[in-house]
Amino acid sequence: MSDAIKDTYDLFIDGETVPASSNDYLTTEDPATEEPIAEFAAGTADDVDEAVAAARNSLDEWQAKKPGERGDIVQRIADGIREHAETLVEVETLDQGKPLTASRGAVEGAAGCFEYYAGAADKLEGKSIPVGEDTLDFTIREPYGVSAQIIPWNAPLNLSAQGTAPALVAGNAVVIKPAPTTPLSSLHLAEICKEAGVPDGVINVVTGATEPGAALSSHEGVDTISFTGSVPTGQAVMESAAEDITPVTLELGGKNPAIVMPDADLDEAVFSIAIGIFSNTGQICAAADRAIVHESIYDEFVERIVERAEAYTLGPGMEDPDMGPLNHAAHHDKVLNYIDIGLEEGATLETGGEALDRDGYFVEPTVFSDVSNEMQIAQEEIFGPVLTVIPFSDRKEAVEIANDVELGLTGGVFSNDLKRALQTAREIEAGSIYVNQWFGGSAATPFGGMKKSGIGREMGLESLDSYLQTKNVCIDMTMDE
């Protein structure tokens, strides 16, 4: 472990590192070895009060800056992320479990996110509205104020960036609450923001267990909330926010269909779906976890995806394998339990399904065939390297299967008939659709869900709508003759 990773991390409030009011510390561990990495402060509701107060006190200074000045600072954050890339790669790999290659992609993705929004800072325009020749009517877009960012453990650096970057350029201050199993990258990001010239109080990080997140979601000093996580926790956040009518952006996961038409390029479909389900050990809300495959190519698809799954190398992220561990013990148990459920439901385990006999939270890449969409493993988000393969006979049935879940985050279509692919893409009930690929898009691409997968959009210019509110100004221009 490099010297850049500390033994002990405190909270980051008002531009300074400070101990938690509890004076207690928790431990984050390497999920590949179960060995401790560092201690971090166990923040409390009192610490959230301090962080929110610091954020509110910073607003006048931050909002007084010209949009281009804020954009310049946000660009320097992007530069700082790249400057500290090796440290962030190590932090993300050790704390989350990602392979080094994936962590390098995550770091560049975070830098690219800040860079994208830096360019948008001076383009947050209102509009004039023609309501009559004696009236001037126009809109102004204003920041909400303090934005709470409640970050999950599966992609801590990227998701910190995706919320913080647009919040900053819009003129908001931010309080970040990272997950208790992955607290380190958000703390390193806060230090980079300070180096880039972000004023004290504009960025704050309160680590801890569940108390700080609950305090943030119900805090009267918070003006908008962004939460990524499970549906039950998202519902709890929304319920807490309702007392003060605080607007929320929610990204709550998916059970995402990848439809493989009979005319698809099978090599391309197998390659893309394997990436879609086994990347980040399946711990991606947009994972391709339901392959819905035409019956004429079903057996061949299963044979090929099994062959690809069995070729994956597993190991600690620092060894840069194809696939690392799951993030923590409770989640490891959850994924293994779903595999047991699949067997009990009568699905055929084609490959995988076992924990590795070694330290760490490793589960083999797993493929189930003979799956019906009514099975629990086809309806509920497993959030692990478990692919269910479901047959269909015609396009209408494929779309019905794709939509027969409560979630609607992403979906995909593999077909050489682009007219068929486009029609199917229109009919899938999901916020993002991939055609002949998986994980397409960039920082400019809006991302979010339909149905129980959430509210609002991250990334793209649409994300700024979560951090700006519209004020209408209507002026009587009647002239005295």
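Looking at (1) among the charged types (D, E, K, R); (2) part of a loop (DSSP other than H, G, I, E, B); (3) open to solvent by 70 Å² or more (accessible area, probe 1.4 Å), which is the one condition that is false for E381?
Condition not satisfied by E381: (3).
Filtering region 439-460 down to residues that are free of Cβ contacts under 8 Å to residues at least 24 places away in the same chain and open to solvent by less than 30 Å² (accessible area, probe 1.4 Å), which residue is farthest from A236 (Cα to Cα)?
Ranking the candidates gives G440 first.
If a residue has to be buried (at least 22 other Cβ atoms within 10 Å of the Cβ) and either farther than 30 Å from G282 by Cβ or in contact with a Pro (Cβ under 6 Å, 6 or more places away or on another chain) (or both) to count, how many in region 97-127 make the cut?
Looking only at that region, the number is 5.
Which residue pairs have Cβ atoms under 6 Å apart, sit 6 or more places apart or on different chains, and have a first residue in region 332-354 that is on the phi > 0 side of the Ramachandran plot and a second that is open to solvent by less than 20 Å² (accessible area, probe 1.4 Å) and of a type in the set (S, T, Y)?
What qualifies is G352/T366; G353/T366.
Out of E50, E16, E29, I need the residue that is over 27 Å from L124 (Cα atoms) and under 26 Å from the mean Cα position of the chain (by Cα). Which one?
Selected residue: E29, the only one of E50, E16, E29 that is over 27 Å from L124 (Cα atoms) and under 26 Å from the mean Cα position of the chain (by Cα).
Considering region 124-165 alone, what residues qualify as being touching a residue at least 24 places away in the same chain (Cβ under 8 Å) and either assigned to a helix (DSSP H, G or I) or basic (K, R) (or both)?
R141, P156, L157, N158, L159, S160, A161, Q162, G163, T164, A165
Of all residues in region 364-379, which are over 25 Å from the mean Cα position of the chain (by Cα) and of a type outside the set (V, I, T)?
F368, S369, D370, S372, N373, E374, M375
Restricting attention to strands (runs of 3 or more DSSP E) lying wholly within region 244-361, give those where 1 or more residues are surrounded by 22 or more Cβ atoms within 10 Å (Cβ to Cβ). Lay out the reasoning, then the answer.
On the way: elements: 248-251, 257-260, 290-294, 348-351.
Of the strands (runs of 3 or more DSSP E) lying wholly inside region 244-361, those with at least 1 residues that are surrounded by 22 or more Cβ atoms within 10 Å (Cβ to Cβ) span 248-251, 257-260, 290-294.
Looking only at region 128-179, filter to residues that are under 18 Å from G221 (Cβ atoms) and of a type in the set (D, E, K, R); which one of those is least open to solvent (accessible area, probe 1.4 Å)?
That would be K177.
Return only the number of the condition from (1) in contact (Cβ under 8 Å) with a residue 60 or more places away in the chain; (2) in contact with a Lys or Arg (Cβ under 7 Å, 6 or more places away or on another chain); (3) surrounded by fewer than 19 Cβ atoms within 10 Å (Cβ to Cβ) that L407 does not satisfy.
With (1) in contact (Cβ under 8 Å) with a residue 60 or more places away in the chain; (2) in contact with a Lys or Arg (Cβ under 7 Å, 6 or more places away or on another chain); (3) surrounded by fewer than 19 Cβ atoms within 10 Å (Cβ to Cβ) applied to L407, the lone miss is (3).
Conditions tested, residue by residue: (1) part of a loop (DSSP other than H, G, I, E, B); (2) open to solvent by 70 Å² or more (accessible area, probe 1.4 Å); (3) of a type outside the set (K, R).
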residue: Q423; (1), (2), (3): no, yes, yes
residue: E429; (1), (2), (3): yes, yes, yes
residue: Y434; (1), (2), (3): no, no, yes
residue: V473; (1), (2), (3): no, no, yes
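Can you tell me which residues in region 1-21 are without any contact (Cβ under 8 Å) to a residue 60 or more places away in the chain and not in a strand (DSSP E or B)?
If the condition is that a residue be without any contact (Cβ under 8 Å) to a residue 60 or more places away in the chain and not in a strand (DSSP E or B), then D3, K6, D7, D10, P19, S21 are the ones that fit.
Could you run through region 62-71 and say how many residues are open to solvent by 80 Å² or more (accessible area, probe 1.4 Å) and either touching a Gly at 6+ places or on another chain (Cβ under 8 Å) or not in a helix (DSSP H, G or I) (or both)?
Final tally of qualifying residues: 1.
The values are calculated or read from the model by the stated rules, or taken from the named source; none is laboratory data. Note that this is a predicted model, so its numbers are computed, not measured. Please note: Cβ atoms are built from the backbone with ideal geometry, for glycine as well, and neighbour counts cover all protein chains shown. Side chains included, ligands, DNA and RNA excluded: accessible areas come from the protein's heavy atoms. Shrake-Rupley method; radii C 1.70, N 1.55, O 1.52, S 1.80 Å.
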